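Contents: one structure, followed by commentary.
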Amino acid sequence: MMNRTLSRKLLGSMCGISNPRLSFAQSAVNTVQREKELIKSRELEKDEPRPLYMDFQATTPMDPRVLDAMLPYQVNYYGNPHSRTHAYGWESESAMEKARKQVADLIGADPREIVFTSGATESNNMSIKGVARFYKAKKKHIVTTQTEHKCVLDSCRIMEAEGFDVTYLPVKNNGLIDLKQLEETIRPDTSLVSIMTVNNEIGVKQPIKEIGHLCRSKNVFFHTDAAQAVGKIPINVNDWKVDLMSISGHKLYGPKGIGALYLRRRPRIRIEPLQSGGGQERGLRSGTVPTPLAVGLGAACEIAQQELEYDHKHVTVLANRLVQKIMAAIPDVVLNGDPDQRYPGCVNLSFAYVEGESLLMALKDVALSSGSACTSASLEPSYVLRAIGTDEDLAHSSIRFGIGRFTTEDEVDYTVEKCVQQVKRLREMSPLWEMVQEGIDIKSIKWTQH
Amino acid sequence: MLCLVDDLKARWLKILKISISCCLGGMMTYALRRVRDAFRENRTVEDPKVVEELVKRARDGLALIQRQVCIGKMFEIQKTVVEQEGKKSD
């Protein structure tokens, strides 16, 4: 039987307490706010080496070719693209339209179907709120999944407050949705299904083509948040029968502050605009289009189209190297999400008997992200890991490794070496690991609350 | 055609020297890898028009690298752990 001190210590470090009173979407939003508290921010010293960047899902460094394309529009060609009366406006508009075509070409769309936004968050908001409000007279139901990005879940929460019915579909243990369950969930009054292409936490790739065909057969609009997918996997909105797609600039080596929304023209989908003003972007998103950013997004899309296969091959090789080396060196490591239906550059590993935030602090030379959200006051695992049925303790022990275009083999090897070293060190300090080594079954222990 | 390729090789060597001297880390490693792989992918191309197009693209690419290396040098920051270790072992 455990003594009180040990059980309290272990409870404090490993057990999560979820608040049943919060709705699913609310709980997901609050998790992010608490995540920032444990690791304290500080500036690097002048001669202190920079950490390796292994968080490509959070953001990506701008490709030098993108910066090269943007600079003339930051320095010389500074006209407003909506000015119709002089060369400054005309050249700026021409650049913006060229960028629009570059974005459209990457996803197999018509340039007239692309609306520039401030990013995928705005695109997601426009899609969910815009479609729901436009068709609200006859359609009051929205379907999404439990593993969507926070902006999608929060937008759905807002729609619930406006009187819409929202179904948050569960996912299987591998992170994929059940198509049959989706089909059964769609109702005659469903206006929109929103399912992300590639999950930002676990990298799982949903069967978008099958979902698109299903939605088309049921006359339901289909939106996909493709922020993590565009430029990384081949996308064709017509093959996939996607009606709306959100694109983020800073996830594909482009600038921050720009994104795009794809809105199908045939069959036509209409949305109620969120932002009113001068009627730019066909009245769907008023506001001056930031030409340098749009040019940057266009350049990033063109480069991504040229380099897609090359980058995918590079990222796959490095991701396999990372996973295989870690799993060969240390036991009890779990890869979260489907091992096949995934984007290889997003690797989410759970290291059993090690606390995720402790491992992050120990790996101070590597910029990584944790899949869990811990604070001293409340311990809640990532809602995505919770949705795929990961055990509480493993959810707290997860780390997300992001690999991208500029990641080198040396960086991966260094990360592996440090990760293995620190996991071994932390496990030696862990009373749970000691118990496992002695042959005690952790799951058979009855924990007490004090 | 040989003159174009020789010209390109000379520019490529220049870029290599710049990269070794300034070492812009991951970006430069990527540039070196990408240019090397591009040379290898296209080494059997014989159609003169295609070669000329590739050479033009390569020249533009090398000019871009030179510009970006200059900008990178203006805003140089600390090296990463791996870059520091790489420099020590050189």
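The values are calculated or read from the model by the stated rules, or taken from the named source; none is laboratory data. All values derive from a computational prediction rather than experimental measurement. Counting neighbours? That spans all protein chains shown, and the Cβs are built from the backbone with ideal geometry, glycine included. Calculation scope for accessible area: heavy atoms of the full protein, side chains included, ligands and nucleic acids excluded. Shrake-Rupley method; radii C 1.70, N 1.55, O 1.52, S 1.80 Å.
Electrostatic tally near A:ARG427: other residues with Cβ closer than 12 Å to its Cβ, Lys and Arg +1, Asp and Glu -1, net -2.
Once the chain from A:ASP105 to A:LYS138 is taken as fully extended at 0.36 nm per residue, the excess over their C-alpha distance is 8.4 nm. Taking chain A as a Gaussian network of alpha-carbon nodes connected by springs under 10 Å, the highest mean-square fluctuation of the residues A:GLU43, A:GLU93, A:GLU281 belongs to A:GLU43.
Pairing chain A with chain B buries about 2000 Å² of accessible area. This figure sums both sides and uses a 1.4 Å probe.
GNM remark for chain A: springs join alpha carbons under 10 Å apart, and the peak mean-square fluctuation among A:MET245, A:MET159, A:MET54 falls on A:MET159. Protein heavy-atom surface of the stretch A:44-159, 1.4 angstrom probe: 53% of the accessible area is carbon and sulfur, with nucleic acids and ligands not counted.
The peptide list A:406-414, A:266-274, A:136-144, B:59-67, put in order of mean Cβ contacts within 10 Å with the highest first, becomes A:406-414, A:136-144, B:59-67, A:266-274.
Taking 0.36 nm per residue of sequence separation and removing the Cα-Cα distance, the A:LYS209/A:MET429 pair yields an extension gain of 74.5 nm.
Apolar share of the accessible surface for the stretch A:249-371: 48 percent from carbon plus sulfur atoms, 1.4 Å probe. Listed peptides A:106-115, A:146-155, A:318-327, B:39-48 appear in the order A:146-155, A:106-115, A:318-327, B:39-48 once ranked by packing, highest mean of other Cβ atoms within 10 Å at the front. Holding the Cα-Cα limit at 23 Å, pick out from A:LYS325/A:LYS424; A:LYS325/A:LYS443; A:LYS101/A:LYS251; A:LYS101/A:LYS138; A:LYS139/A:LYS256 the pairs that are longer than that. Correct reply: A:LYS325/A:LYS443; A:LYS101/A:LYS138; A:LYS139/A:LYS256. A straight chain from A:ILE39 to A:MET361 at 0.36 nm per residue would run longer than the Cα-Cα distance by 115.2 nm. Beta bridges assigned by DSSP with both partners in the protein assembly as shown are antiparallel in approximately 55 percent of cases. Against chain A, whose longest principal axis is taken from its Cα atoms, helix A:208-217 shows a tilt of about 60°. Calculated mean residue ellipticity at 222 nm for chain A: -13000 deg cm²/dmol, from DSSP H runs with n ≥ 4 weighted as -39500 (n - 2.57), summed, divided by the residue count and rounded to 500. For the stretch A:205-332, the solvent-accessible area works out to 39 Å² per residue, with a probe of 1.4 Å and every protein chain left in place. The mean number of Cβ atoms from other chains found within 10 Å of a Cβ in peptide B:72-82 is 5, as a whole number.
For the residues of A:136-145, the average number of beta carbons from a partner chain within 10 Å of their own beta carbon is 0.
Each other residue within a Cβ distance under 13 Å of A:GLU409 adds +1 if Lys or Arg and -1 if Asp or Glu, for a net charge of -1.
Peptide packing: for A:231-244, A:206-219, the average count of neighbouring Cβ atoms within 10 Å per residue gives the ranking A:231-244, A:206-219, highest mean first.
The residues packed around A:VAL152, meaning those with a beta-carbon under 14 Å from its beta-carbon, carry a net charge of -3 if Lys and Arg are +1 and Asp and Glu are -1.
Against the longest principal axis of chain A, how steep is helix A:4-14, in degrees 0 to 90 to the nearest 10, with axes from Cα atoms? So the inclination is approximately 20 degrees.
Per-residue shielding of A:53-66, expressed as the average number of other chain Cβ atoms within 10 Å of the residue Cβ, stands at 2. Is the shape of the stretch A:180-219 rounded, prolate or oblate, going by the alpha carbon gyration tensor and its root eigenvalues a ≥ b ≥ c, with a/c under 1.5 for rounded and a/b larger than b/c for prolate? It comes out prolate by the Cα gyration axes.
Angle, helix A:291-329 long axis vs. longest principal axis of chain A, Cα atoms, 0 to 90°, nearest 10? That works out to roughly 20 degrees. Tell me whether the protein assembly as shown comes out rounded, prolate or oblate; compute the Cα gyration tensor, take square roots of the eigenvalues as a ≥ b ≥ c, and use a/c under 1.5 as the rounded threshold. Taking the square roots of the gyration eigenvalues as a ≥ b ≥ c, the protein assembly as shown is oblate.
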